[in-house]
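See structure below.
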Amino acid sequence: MPLALLALAISAFGIGTTEFVIMGLLPEVAGDFSVSIPTAGLLISGYALGVVVGGPLLTILGTKAPRKGMLLTLMGLFILGNLVSALAPAYGLLLTGRVLAAFAHGAFFGIGSVVAADLVAPHKRAGAIALMFTGLTAANVLGVPMGTLLGQHFGWRSTFYVVAALGVIGFAGIAALVPVQPRAEDARLGPEIAVFRQPQIWLALTMTVFGWGGIFAMFTYITPMMTELAGFADGSVTWLLFLFGVGLFVGNLFGGWFADRALMRSLYVILSVLAVLLFAFTLAAHSKVGAIVTIPLIGLFGFATVAPLQKRVMDQAAGAPTLASAANIAAFNLGNALSAWLGGLVISSGLGYDAPNWVGGLLTAAALGVALFSGALERRTAKRTGRVVARGAVPEETGVAVG
């Protein structure tokens, strides 16, 4: 794998850290600005909204720019957003800084996925995408716990200063290691938008929303599950999250390896196992041993979906993948918001802290259903096209007589 992927992974590490570390710093932020915890929680939903809106928007605006230049611009925006957050004298400005950083997030992973795939041979593309996303998984294993610890001991602003410094390192790495990728001759906005006329693009995006939403339904409420149901002490949640992060890290590499060999088959297997694990966690969450065994497995199979889902969208948008790739990053965050809302809804309805697990299981099962339908539709289309070509007719897509 090219060394340039390391620069993308370092940048992804910084972005992943700033996205999730705020969850561990909400009490400090709320106390500093004299706001409630739910109000401070808007820093999380505001970030997700920034990804959903900003990713496709900045990708559209950067359609005619060279991809390396866009990555550097996005990292500059990311650095600025975190510096604004660190220096914010009021809560509103902190939220503004979070949204600025989120705008960079969506477009960076969308464009970065295309760049990573272009750096390697076609049969290694999912692995390259997975390697870039390794930075995101490492952020959950190392960046978030360390950033939380730093913020608790030296103030939450120190965490954002460090994350901004990580952004500078990522910027320098991209500038030095990522080869220049000039804008392709056909890099116009029209073709990028035109791919959304294809039903398979929307099926792939739906798979992402439901597939990733399944794991986030459980992850959002893992702390009350472990303390209220499994009986863990508050201090034990940190190492349980570490186990979850280790599962994410391994699953990311596993998913990329599997997807390079059999993309749709990998999604069928991974989504099936993930759905079973989430349903099983409804019971396992009541046991310390059950939780310790199940949590890393959910992390493993949960993040094993990321590279296949991202590559599926890029494959279906071949020739104009940049906007579709960014839209898929937005779909991941839409899944976050949807599943967190549904999980909170079932808890508020009195169904218990374990209820988000079966919500996650149902969402993942829905993603599996969409994947099976998408695969069947693809096979039927290929079979029909094959029959047309065999009869020597003129395929509609090419207008060229064959046979």
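When Leu94 is tested against (1) at pLDDT 90 or above; (2) surrounded by fewer than 20 Cβ atoms within 10 Å (Cβ to Cβ); (3) among the hydrophobic types (A, V, I, L, M, F, W, C), only condition (2) is not met.
When Met146 is tested against the conditions (1) within 22 Å of the chain's Cα centre (by Cα); (2) more than 19 Å from Ile22 (Cβ to Cβ), the lone failure is (2). In the set (1) open to solvent by less than 20 Å² (accessible area, probe 1.4 Å); (2) farther than 20 Å from Tyr161 by Cβ, the condition left unmet by Val21 is number (2).
Here are Val144, Val163, Val180, Val168: which of them is modelled with pLDDT of 80 or more, open to solvent by 10 Å² or more (accessible area, probe 1.4 Å) and of a type in the set (A, V, I, L, M)? Steps first, answer last, please.
Values: Val144 fails: modelled with pLDDT of 80 or more; Val163 fails: open to solvent by 10 Å² or more (accessible area, probe 1.4 Å); Val180 fails: modelled with pLDDT of 80 or more.
Going through Val144, Val163, Val180, Val168 in turn, the sole match is Val168.
May I ask you to say which residue of Val237, Val246, Val209, Val250 is open to solvent by 10 Å² or more (accessible area, probe 1.4 Å) and at pLDDT below 80? Only one candidate passes the filter, namely Val237.
Please verify whether Gly112 is open to solvent by less than 10 Å² (accessible area, probe 1.4 Å) and either closer than 29 Å to Met23 by Cβ or over 15 Å from the mean Cα position of the chain (by Cα) (or both), treating the condition exactly as stated. Spell out how you get there, then give the answer.
On the way: open to solvent by less than 10 Å² (accessible area, probe 1.4 Å): yes; either closer than 29 Å to Met23 by Cβ or over 15 Å from the mean Cα position of the chain (by Cα) (or both): yes.
So Gly112 passes the test.
Out of curiosity, is Trp202 free of Cβ contacts under 8 Å to residues at least 12 places away in the same chain, in contact with a helix residue (DSSP H, G or I) (Cβ under 8 Å, 6 or more places away or on another chain) and either of a type in the set (Phe, Trp, Tyr) or open to solvent by less than 10 Å² (accessible area, probe 1.4 Å) (or both)?
So Trp202 fits the description; yes.
Taking the criterion of being modelled with pLDDT under 85, within 20 Å of Val144 (Cα to Cα) and of a type in the set (A, V, I, L, M), the residues of region 2-28 that qualify are Val21, Ile22, Met23, Leu25, Leu26. Reported count of residues in region 211-236, each being aromatic (Phe, Trp, Tyr) and out of contact with any Ser or Thr (no Cβ under 7 Å at 6 or more places or on another chain), is 3. Checked against the criterion of being of a type in the set (S, T, N, Q), crowded, with 17+ Cβ neighbours inside 10 Å, within 30 Å of Gly190 (Cβ to Cβ) and over 20 Å from the mean Cα position of the chain (by Cα), region 83-91 has no qualifying residue. Restricting attention to region 54-82, which residues are surrounded by fewer than 18 Cβ atoms within 10 Å (Cβ to Cβ) and modelled with pLDDT under 85? Across region 54-82, the qualifying residues are Leu57, Ile60, Leu61, Lys64, Ala65, Pro66.
The values are calculated or read from the model by the stated rules, or taken from the named source; none is laboratory data. These figures come from a predicted structure and were not determined experimentally. Here Cβ is always computed from backbone atoms with ideal geometry, including for glycine, and neighbour counts include all displayed protein chains. When the accessible area is computed, the model is the full protein with side chains, heavy atoms only, and any ligands, DNA or RNA have been set aside. Shrake-Rupley method; radii C 1.70, N 1.55, O 1.52, S 1.80 Å.
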